[in-house]
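Below is one structure; the comments refer to it alone.
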Amino acid sequence: MNNQPLKGFRILDVTNVLSGPFCGYQLGLLGAEIIKVEAPDGDLARQLGANPSWNEQRMGISFLAQNAGKRSISLNLKSEAGQQIFLELVKTSDALIENFRPGVMDRLGLGFEVCKATKDPIVYCAISGFGQQGPLKDNPAYDQIIQGMSGVMDITGSDDTPPYRVGYPIADTVGGLTAALAVSAALHQKTSQYIDVSMLESVLTTMGWAVSNLLMHQVEPTRVGNENMTSAPSGTFQTRDGLINIAANQDRQWEQLVAVLHAPALKEDIRYQSREHRKANRHALKADLEAILSRRSTDEWMTEFQAANIPAGPVLSVREALELEQIQMRGFTQKIQQDHPSGTIDVVTNGFLLNGERLKAESPVETLGESTASILGELGYDSLRIDSLKNEGVIG
């Protein structure tokens, strides 16, 4: 693909596990050259995933999922020689992303001011749980910690359940997307910039409606299960063989729904005469609708709802979602040939097409330090010096 918007930019990915690597992966899909700087023992994600043998070989699925297209250099940043090589890489780069705890890169002598003195302009993006300032900045932050502290868990579940975490690492992922957005924008400013990404704030940003109702009208967000508190009927309903989501948020959609259900009595019911009436009586309305919906299968109802342009959709498993014709025909997943050790892998890409084309990784996931020698060669190191650095434990 020739029109990738970040083509020609080089970015150092000095990150581990999820938030940072996910950021780097997205920037790579946009065309940037990503050099993944790994410690001699590698990114922890290399040891994580559902296949134990791949974990042992340091090619775990958690790593494969978000590191295609990157070049891997194994570098001991605690050594003076390793730090020197890193700064030589900074000289050739346009941006750097890291997700250490605040202060770690400064203690290594590789923080923003040093990098800026080495290469100006440089975009320096630091991703952390809580940001680089504040009383919580030094606290360890994993995805579930952020979910709990952001209020996400408190509003997930039903009123008769305890708080639940979202079923995937939403805080890490949203933090990574936030960083990718910020870096993409900053690169086009062509000035040195320091980006301080807080996973906690990134998640709170996505909670706009819940946060705004509290800030502007003092309405505390609560756990409402699969209901939509802004409208009714809008939520998940039981059919004969499963669940279906219906979002008849507008009056005309409500009228279409009762027509398809052949339920004129519901339209005439005083409890459901207006949007506000339906919201106030949502539980009774749900029961009345399910009494009808339970007579037929989800697929049967979907056929009728689609014909009537009623917003509705089945509740699918992840496997079923990936098998949707809609997903497959747009090339959302990418098949990559891996020489080691997993053969062919399937990875997800991102949520958009650019000028009708899917952005894809241009190379497989590399083994730990696979590009170390070639990257050092580009910096002017000869084979003897590279062997010496390997013997000294500076590179892997």
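The values are calculated or read from the model by the stated rules, or taken from the named source; none is laboratory data. Computed from a predicted structure; not experimentally measured. With ideal geometry, Cβ positions are generated from the backbone for all residues, glycine too; neighbour counts draw on all protein chains shown.
Quick notes on this one:
- One residue alone among E320, E304, E290, E300 is over 30 Å from T367 (Cα atoms), loosely packed, with under 12 Cβ neighbours inside 10 Å, among the charged types (D, E, K, R) and not assigned by TED's automatic domain parsing to the domain that holds V365, and that residue is E320.
- Condition met for T230 (at pLDDT below 95, of a type in the set (S, T, Y) and out of contact with any Gly (no Cβ under 9 Å at 6 or more places or on another chain)): yes
- For the range 4-108, the helices (runs of 4 or more DSSP H) that sit wholly inside it and include 1 or more residues that are under 18 Å from the mean Cα position of the chain (by Cα), closer than 19 Å to Y124 by Cα and aliphatic (A, V, I, L, M) are 19-29.
- Qualifying residue in the range 63-72 (condition: without any contact (Cβ under 8 Å) to a residue 40 or more places away in the chain and either of a type in the set (F, W, Y) or surrounded by fewer than 20 Cβ atoms within 10 Å (Cβ to Cβ) (or both)): no
- Of all residues in the range 372-387, at least one satisfies being under 22 Å from Q47 (Cβ atoms) and buried (at least 18 other Cβ atoms within 10 Å of the Cβ).
- The condition of being of a type outside the set (V, I, T) and in contact (Cβ under 8 Å) with a residue 60 or more places away in the chain holds for L200.
- Within the range 229-279, the residues that satisfy the criterion of being touching a residue at least 60 places away in the same chain (Cβ under 8 Å) and outside any loop (DSSP other than H, G, I, E, B) are T236, L243, I244, N245, I246, A247.
- Of the strands (runs of 3 or more DSSP E) entirely within the range 288-396, those holding at least 3 residues that are of a type outside the set (A, V, I, L, M) occupy 333-337.
- Taken over the range 127-154, the criterion of being in contact with a strand residue (DSSP E or B) (Cβ under 6 Å, 6 or more places away or on another chain) and not in a loop (DSSP other than H, G, I, E, B) is satisfied by I127 alone.
- Residue, modelled with the lowest pLDDT, within the range 356-396, restricted to residues that are farther than 16 Å from L64 by Cα and in contact with a Gly (Cβ under 6 Å, 6 or more places away or on another chain): G396
- In the range 327-362, the residues that are under 23 Å from E38 (Cβ atoms), exposed (fewer than 13 other Cβ atoms within 10 Å of the Cβ) and polar (S, T, N, Q): Q337
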